[in-house]
Amino acid sequence: MTSKTALTLLAMPLVAGALAFAQQPPPAVQAHPTPGCKATPAELEANKKVALEFFRTTGDARVALADPSYKQHNPAFVKGAQEAKMNDFDYFKSRFGGPAAARQGGAGAGRGQAAGPQPPPGNPFEVVTAECDIVTIVHKVYTQDPTLPPGNFYERFTFDTFRVRNGKLVEHWDAAQINPPAPAGGRGN
């Protein structure tokens, strides 16, 4: 074997490894408390209160909870902001601020009641926990079982996690996903 062939054989795994590494997705952003953060029990309760107010308020009162540095990790929200050519805070204001009729949709944007059987009321705040500047709210909700006739609901859980700094929401994570568009012609086609 020539030295050129040996060198080529040694280099191939390195090149393949470099290509595989280059194709890896970026590391996920994790909701860890800010390094070095310490919070008193009173500060933890204040952070919980700010996060819970997001679900108790609407319109401009809700917008007032967010800091201009607000960062969103909900992929549907991020996509909407990109399509609207807005930063996360401005998109937050457009989604939640002002009177209900002027909002573009989203939580608290005047959803109507669907026809047919209604699920039992859930506990919107099943678990609320705080660690330093991170508050997580676990919600219990009821969803129609798609394998059973209407009116058959099952209990499930979802979450919202917020970073709270100086009494303002500065970051948000949840379990949202981007859903495919509805099939042409409506449901069941």
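The values are calculated or read from the model by the stated rules, or taken from the named source; none is laboratory data. Please read these numbers as outputs of a predicted model, since none were measured by experiment. Every residue, glycine as well, gets a Cβ built from its backbone with ideal geometry; the counts of neighbours run over all protein chains shown.
Key figures for this structure:
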| item | result |
| --- | --- |
| Within region 51-63, tally of residues that are of a type outside the set (Asp, Glu), surrounded by 14 or more Cβ atoms within 10 Å (Cβ to Cβ) and under 15 Å from Phe162 (Cβ atoms) | 7 |
| Single condition Arg163 does not satisfy, out of (1) modelled with pLDDT under 95; (2) within 20 Å of the chain's Cα centre (by Cα) | (1) |
| Selection within region 38-91 - of a type in the set (Asp, Glu) and in contact with a Leu (Cβ under 8 Å, 6 or more places away or on another chain) | Glu53, Asp67 |
| Evaluation of Thr40 against (1) in contact (Cβ under 8 Å) with a residue 12 or more places away in the chain; (2) over 15 Å from Gly98 (Cα atoms) (one fails), failing number | (1) |
| Number of positions in region 144-178 that are without any contact (Cβ under 8 Å) to a residue 60 or more places away in the chain and surrounded by fewer than 12 Cβ atoms within 10 Å (Cβ to Cβ) | 8 |
| Top-ranked residue in region 109-139 [being farther than 30 Å from Glu171 by Cβ and of a type in the set (A, V, I, L, M); ranked as modelled with the highest pLDDT] | Ala115 |
| Among (1) under 22 Å from the mean Cα position of the chain (by Cα); (2) over 27 Å from Lys71 (Cβ atoms); (3) in contact (Cβ under 8 Å) with a residue 12 or more places away in the chain, the one test that Ala182 misses | (3) |
| Extreme residue, nearest to Asp90 (Cα to Cα), among residues of region 41-72 that are of a type in the set (Lys, Arg) and in a helix (DSSP H, G or I) | Arg62 |
| Residue count for region 145-176, restricted to those that are closer than 25 Å to Pro33 by Cβ and assigned to a loop (DSSP other than H, G, I, E, B) | 4 |
| Filter result for the condition that a residue is of a type in the set (Phe, Trp, Tyr), modelled with pLDDT of 85 or more and in a strand (DSSP E or B), over Tyr91, Tyr142 | Tyr142 |
| Met86, sole failed condition from (1) farther than 24 Å from Ala61 by Cα; (2) at pLDDT 95 or above; (3) assigned to a loop (DSSP other than H, G, I, E, B) | (1) |
